Amino acid sequence: MFALGLIGLLVRRNVIFTLMSIEIMLNAAGLAFVAAGARWGQADGQVMFLFVLAMAAAEVSVGLALVLRLYHHFRSLDTDAASRMRG
């Protein structure tokens, strides 16, 4: 699942698909924490998953704000347009 997100991150040039790929990678990491916690019979994996979930929520809110600003300014969601946003 993590590899699928990484491939999506490297292949796509659209900001929405990039954010979705990052979400897939975060979910894969959270799933690994939960599976490891279940394997060893500890609740630490679920606690770490809550932290991953909070980080994913923050990433979505900041990412959507950037997407809206990028589309409003350039009328495109291409990541190459974001590199011109510096100035």
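The values are calculated or read from the model by the stated rules, or taken from the named source; none is laboratory data. None of the values given here were measured: they were computed from a predicted structure. As a convention, Cβ positions derive from the backbone with ideal geometry for all residues, glycine included, and neighbour counts pool all protein chains shown. Quick note on the areas: whole protein, heavy atoms, side chains included, nothing else; ligands and nucleic acids left out. Shrake-Rupley method; radii C 1.70, N 1.55, O 1.52, S 1.80 Å.
Looking at Ile7, Ile16, just one residue is assigned to a helix (DSSP H, G or I), loosely packed, with under 15 Cβ neighbours inside 10 Å, out of contact with any strand residue (DSSP E or B) (no Cβ under 8 Å at 6 or more places or on another chain) and touching a residue at least 60 places away in the same chain (Cβ under 8 Å), and that residue is Ile16.
Restricting Leu26, Leu66 to residues that are open to solvent by 60 Å² or more (accessible area, probe 1.4 Å), assigned to a helix (DSSP H, G or I) and on the phi < 0 side of the Ramachandran plot narrows the list to Leu66. Here Ala81 clears all of (1) closer than 18 Å to Gly5 by Cβ; (2) surrounded by 12 or more Cβ atoms within 10 Å (Cβ to Cβ) except the condition numbered (1).
Within region 38-48, being without any contact (Cβ under 8 Å) to a residue 12 or more places away in the chain and either assigned to a helix (DSSP H, G or I) or among the charged types (D, E, K, R) (or both) holds for Ala38, Arg39, Trp40, Asp44, Val47.
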